Amino acid sequence: MALSLADQYYLKSLDNYNYNWEESLTDLSYALSHDPDHAGANNLMGRLQMEHFNNFELAEEYFVQAMVSNPFHMQTCMDYLKLMLKLKKGKEFEKLVQHALTIQGIDKAEVLQLKAHYLELNQHFAEATKLLNRAKLLTFDDCLIEDLEEDLERVSAKVQNTIMLNCSSQ
């Protein structure tokens, strides 16, 4: 099966993403000009807007387009969740988490980790701890397990700080 021109430009852009943003952006523009509904290209453009230009509104537009094109595109779901977390858009975040957990093949441990981060930001430390421990049970990725353990340590430290603050204010 031959790759479409949009796929070819998308793959070139993906290859250049971490090393040459200018070339990556050019290749993404070509990919989207050949197929404006290309989920991967829209997702990568959203990441570029989010991570390098801090243009969160435009990033969201690209993520939405990618999700419309392919609601089961795993990478888009994960990147869009990160944006919703960064923007503290709780309702949208929760809805997207529920959707992400239905996607076959998605790393549920990573989705739960992001949900735990959301809970942590909202100071729901006990719930965050439960989710992080559950995520550890769902993965065999040693790097992710290390990340989850670091998250657990950070949440535990926040619990201790909260206790200390409450005791000192009495």
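Some observations on this one:
- Residues in the range 111-122 that are of a type in the set (D, E, K, R) and buried (at least 20 other Cβ atoms within 10 Å of the Cβ): LYS115 alone.
- Residues that are closer than 21 Å to MET67 by Cβ and charged (D, E, K, R) were ranked within the range 17-40; the one that is surrounded by the fewest Cβ atoms within 10 Å (Cβ to Cβ) is ASP37.
- Here LEU14, LEU48, LEU81 are screened, and the one residue that is within 30 Å of LEU101 (Cβ to Cβ) and either open to solvent by 40 Å² or more (accessible area, probe 1.4 Å) or more than 21 Å from the chain's Cα centre (by Cα) (or both) is LEU14.
- Criterion violated by ASN54 - all others in (1) under 25 Å from GLU110 (Cβ atoms); (2) surrounded by 15 or more Cβ atoms within 10 Å (Cβ to Cβ) satisfied: (2)
- Matching residues, the range 155-170, being part of a helix (DSSP H, G or I) and loosely packed, with under 12 Cβ neighbours inside 10 Å: ALA157, GLN160, ASN161, ILE163, MET164, LEU165, ASN166, CYS167, SER168
- When the range 102-113 is filtered for residues that are more than 13 Å from THR76 (Cα to Cα) and more than 13 Å from the chain's Cα centre (by Cα), the ones remaining, listed by number, are THR102, GLN104, GLY105.
- When residues of the range 134-146 are limited to those that are touching a helix residue (DSSP H, G or I) at 6+ places or on another chain (Cβ under 7 Å) and assigned to a helix (DSSP H, G or I), the one farthest from VAL97 (Cα to Cα): ILE145
- Just one residue in the set PHE63, PHE72 is among the aromatic types (Phe, Trp, Tyr), at negative phi and open to solvent by 10 Å² or more (accessible area, probe 1.4 Å); that residue is PHE72.
The values are calculated or read from the model by the stated rules, or taken from the named source; none is laboratory data. This is a predicted model, so every value here is computed, not measured. As a convention, Cβ positions derive from the backbone with ideal geometry for all residues, glycine included, and neighbour counts pool all protein chains shown. With ligands, DNA and RNA removed, areas are computed over all heavy atoms of the protein, side chains included. Shrake-Rupley method; radii C 1.70, N 1.55, O 1.52, S 1.80 Å.
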